[in-house]
Structures are given as C-alpha cells and as structure tokens.
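Have a look at the structure below before the remarks.
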Amino acid sequence: QVQFVESGGGLVQPGGSLRLSCAAPGAIFSTYTMGWYRQAPGNQRELVASITRSPNIRANYADSVKGRFTISRDYAKSTVYLQMNSLKPEDTAVYYCNTEGSFTFPWGQGTQVTVSS
C-alpha cells in the first residue's frame, strides 16, 4: 500500500517558521512531480507547492505562499520538504504531500500546522 508519511507540523506564532518533511515510496518519488497540499477546516484541499523531478527540477508555488515557502526534494532519502517562513494565521491547515497532477495516490495522515499567537 502506498504510504506518504508527513511530519514537522506544530504550533507556531505568526512570523515564525516550520519545516515539513514527507517520506515517500522510492518508486513514486523518483517518477513523479511531487506536491505539498493543505486543507483548512471547511475548505477544499489545495496545492501550495510542487517540484518536478531531476534533472530539470523546477518549483511552482501558489500565489498565497510565493516568496515565503520553499519546496525541495532529497533523492537519497526519497523525501520532500517544505520550508515555511513568515507564517500567517491563514496558513493554518493540515498539510499533505502527494504526486502533483490529475492523478494522486492514497493520502497520508498529514501534519497539522497551526499559526496562532
């Protein structure tokens, strides 16, 4: 069974930083563009960042996080990261990783990010 394991969430004050990690199955990690998604209560899940695979690695970001979030991937660890800086209360959500595009695999448990003073 496909399993993404997200970690690194927590409670942080506005303006703070967090680094999320997602361990992915190796075959999926090396084949697909990977993405970080988030879902806030009452909202649909949205894609916030994606990163293509080697050798032409490119990152894309939702306008709401551009300039504050950075996505990266480590092939040695089959792990995708999301560095989140200058966090805002509206970034509060459960964050998930998965492949990016019209096809996604079963979702992991996600990691909760709460931005509050």
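Please treat every number below as a calculation from the coordinates, not as lab data. Please read all numbers here as calculations on a predicted model, not as lab measurements. Glycine also receives a Cβ, built like all others from the backbone with ideal geometry; neighbour counts cover every protein chain displayed.
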query = Considering the dipole of the chain built from charges on the beta carbon (Lys and Arg +1, Asp and Glu -1) around the Cα centre, which of Ala27, Val5, Asn43 is farthest to its positive end?
reply = Ala27
inquiry  = What whole-number volume per residue, in cubic angstrom, does the convex hull of the C-alpha atoms of the chain give?
reply    = 97 Å³
query = Which FRET efficiency value, to the nearest 0.05, do you get for Thr104 and Ser72 by plugging their Cβ-Cβ distance into 1/(1 + (r/R0)^6) with R0 = 25 Å?
reply = 0.80
ask   = When the Karplus curve 6.51 cos²θ - 1.76 cosθ + 1.60 is applied with θ = phi - 60°, which whole-Hz ³J(HN,Hα) does each residue of region 65-81 get, with x for Gly and Pro?
value = 10, 4, x, 10, 10, 9, 9, 8, 9, 10, 5, 5, 10, 6, 10, 10, 10
ask   = ³J(HN,Hα) across region 102-117 via Karplus (A = 6.51, B = -1.76, C = 1.60, θ = phi - 60°), whole Hz, x for Gly/Pro?
value = 6, 10, 10, 8, x, 7, x, 7, x, 9, 7, 10, 10, 10, 7, 8
request  = Scan around Ala62 for amide H atoms under 5 Å from its own, H built in the peptide plane at 1.01 Å from N, and keep only partners 5 or more places away or cross-chain.
outcome  = Ala49
query = So what are the ³J(HN,Hα) numbers for region 10-27, from phi and the Karplus equation (6.51, -1.76, 1.60; θ = phi - 60°), rounded to whole Hz, Gly and Pro as x?
reply = x, 9, 9, 6, x, x, x, 10, 9, 10, 8, 10, 9, 8, 10, x, x, 5
key: region 1-115: relative contact order as a whole-number percent, Cα under 8 Å and 6+ apart   = 37 percent
